[in-house]
Amino acid sequence: MARQRDSEQLRFDAFLGLLAGRCGHADRREPLRAYVTGLMLPGDRKSIEPMAARIDPRHVRARHQAMHHLVANAPWDDRSLLATIRDYALAGLERHGPIAAWIVDDTGFPKKGKHSVGVARQYCGLLGKQDNCQVAVTVSLGNRAMSIPAAYRLYLPEEWASDAERRKAAGVPDEIVFQPKWRIALDEIRGLVNDDVPRAPVVADAGYGDTTAFRDGIADLGLSYAVAVKGGTTVWPNGTAPLPPARWKGTGRRPTLLRRDEKHRPVTIETLANSLPKSAWKSVRWREGTKGPMRARFTRVRVTPAHRDYWRSEARSEEWLLLEWPDGAETPTKFWLSNAPASAPFDELVQLVTLRWRIERDYEELKSEFGLDHYEGRGWRGFHHHGVLSIAAYAFLAAERARLSPPQPLAFLEAAPIPKGFRPRGSPAAPGAA
């Protein structure tokens, strides 16, 4: 056990050394160690003061100031640091196989008030409804054994992007303009391509995949995708296509645009799914869950996406439409479009689209164990710095898990002894607590 503790400690020190090298000044190394350690130690709150109390309960104020400066004010580049974290975690991930997917998603942080950067009334996945929250867009690298966020950026609602006073108060950089979430995700994917991250198919839910420009952007980067779409998306079933341009009458411009009419139109994916015979569906086990194998009925057909093809001179390329009919549902409920090759194995396509469960597990652990949603500051810089350091703590633990079989707790991480009767400021039992 002592040998294991020593080797874990050495790897942790080396990991912090990598991070410190990206944070600039040497005087940031100790606050960095304290912050990452505080995120990894047990505790209900991972905001700065409770972490400072766990790290150094006799000098909470000094620790708090140093850690706060590191996160809220120090001008280190969170994107560069996240690239270092990503590369470190990749070594552990690839022990269990190559990257299987780049997983696009977003996560919400419920917030009160209106001054925290990016907070607005918008859909919050955590709550399952519209409410006051911040939303971060992420791209994770994953396979069946492990995944890690490799891109992390706050979505800035239009009301924030156009409000100069709030932008200035929160320190939003001048170059940040309003972008829909799918465009933020596409920019982050482009960054990963430019960094020569090992390529893999892009997986996303319908909030991204239903946008044709998002799918086209991925394809333009030379990547494949398998993304969810809504049932109302229109396609041309296999064997059908839009009508060719109208015959030229000898005068005016020669017609070049594809056509459709009342009798010759694409169908919605939902309509197509309901028209398939029951014999087309196959039961597939796609994951081993906590209560046993997870199964559902799937099928796939070749289709041609039809989105506004009446403004095109050529039909879009044929793709796979994958459909899921969960047990207990009256009709098929989930649909994906994929530009994977026509020869792509059916079971592999199912495994690919169902890999999104990994990012949901990441979010759950990042929030419950590593304080991703515990930051109490209001600024752009602090939001991203805290988020990236939470990902750093998670990445180190994930890499250690990849070494161990079965996974074990990190033996060297121990909180400092708490003096008798000590209560950190803000504790319900502390004098003067709100």
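The values are calculated or read from the model by the stated rules, or taken from the named source; none is laboratory data. From a predicted model like this one, the values you see are computed outputs, not experimental measurements. Heads up, the Cβs are rebuilt from the backbone with ideal geometry, glycines too, and the neighbour counts pull from every protein chain shown.
If the condition is being at pLDDT below 95, closer than 15 Å to Leu276 by Cβ and acidic (Asp, Glu), then the stretch 314-336 contributes only Glu330. Quick check: anything in the stretch 98-115 exposed (fewer than 13 other Cβ atoms within 10 Å of the Cβ) and more than 26 Å from Arg381 (Cβ to Cβ)? Checked against the condition, which is being exposed (fewer than 13 other Cβ atoms within 10 Å of the Cβ) and more than 26 Å from Arg381 (Cβ to Cβ), the stretch 98-115 yields at least one hit. Filtering the stretch 311-330 to residues that are over 16 Å from Val229 (Cα atoms), among the hydrophobic types (A, V, I, L, M, F, W, C) and surrounded by 13 or more Cβ atoms within 10 Å (Cβ to Cβ) leaves only Ala315.
Residue-by-condition table, conditions (1) more than 15 Å from the chain's Cα centre (by Cα); (2) within 17 Å of Pro98 (Cβ to Cβ):
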residue: Ala206; (1), (2): no, no
residue: Gly209; (1), (2): no, no
residue: Gly217; (1), (2): yes, no
residue: Leu223; (1), (2): yes, yes
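To keep it simple, each residue is scored yes or no on (1) surrounded by 14 or more Cβ atoms within 10 Å (Cβ to Cβ); (2) under 30 Å from Val172 (Cα atoms); (3) at pLDDT below 60; (4) assigned by TED's automatic domain parsing to the domain that holds Lys114.
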residue: Trp380; (1), (2), (3), (4): yes, yes, no, yes
residue: Val388; (1), (2), (3), (4): yes, yes, no, yes
residue: Ala393; (1), (2), (3), (4): yes, yes, no, yes
residue: Ala399; (1), (2), (3), (4): yes, no, no, yes
residue: Pro419; (1), (2), (3), (4): no, no, no, no
residue: Ser427; (1), (2), (3), (4): yes, no, yes, no
residue: Pro431; (1), (2), (3), (4): no, no, yes, no
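All of Asp362, Asp347 fail the test of being out of contact with any Phe, Trp or Tyr (no Cβ under 7 Å at 6 or more places or on another chain), under 23 Å from Pro277 (Cα atoms) and assigned to a helix (DSSP H, G or I), apart from Asp347.
Conditions tested, residue by residue: (1) farther than 30 Å from Glu348 by Cβ; (2) not in a loop (DSSP other than H, G, I, E, B).
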site: Ala219; (1), (2): no, yes
site: Leu223; (1), (2): no, no
site: Val227; (1), (2): no, yes
site: Gly232; (1), (2): no, no
site: Trp236; (1), (2): no, yes
site: Ala241; (1), (2): no, no
site: Arg247; (1), (2): yes, no
site: Gly252; (1), (2): yes, no
site: Leu257; (1), (2): yes, no
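Does the stretch 114-124 contain at least one residue that is of a type in the set (Gly, Ala, Ser) and either farther than 19 Å from Gly387 by Cα or in contact with a Pro (Cβ under 8 Å, 6 or more places away or on another chain) (or both)? Scanning the stretch 114-124 turns up at least one residue that is of a type in the set (Gly, Ala, Ser) and either farther than 19 Å from Gly387 by Cα or in contact with a Pro (Cβ under 8 Å, 6 or more places away or on another chain) (or both).
Residues that are on the phi < 0 side of the Ramachandran plot, basic (Lys, Arg), surrounded by fewer than 16 Cβ atoms within 10 Å (Cβ to Cβ) and assigned to a loop (DSSP other than H, G, I, E, B) are absent from the stretch 299-308. I'd like the full set of residues that are out of contact with any strand residue (DSSP E or B) (no Cβ under 9 Å at 6 or more places or on another chain) and either more than 17 Å from Trp102 (Cβ to Cβ) or touching a residue at least 40 places away in the same chain (Cβ under 8 Å) (or both), limited to the stretch 342-362. Across the stretch 342-362, the qualifying residues are Ser343, Pro345.
Scanning the stretch 207-220 for residues that are surrounded by fewer than 20 Cβ atoms within 10 Å (Cβ to Cβ) and either among the β-branched types (Val, Ile, Thr) or in the same structural domain as Ile103 (by TED's automatic domain parsing) (or both) yields a total of 1. Somewhere in the stretch 266-280, is a residue touching an Asp or Glu at 6+ places or on another chain (Cβ under 6 Å) and of a type in the set (A, V, I, L, M, F, W, C)? No - not one qualifying residue is present in the stretch 266-280. Among all residues of the stretch 265-275, there is none that is modelled with pLDDT of 90 or more, basic (Lys, Arg) and surrounded by 16 or more Cβ atoms within 10 Å (Cβ to Cβ). Here is the figure for the stretch 56-92: residues that are touching a Gly at 6+ places or on another chain (Cβ under 7 Å) and surrounded by fewer than 21 Cβ atoms within 10 Å (Cβ to Cβ) total 2.
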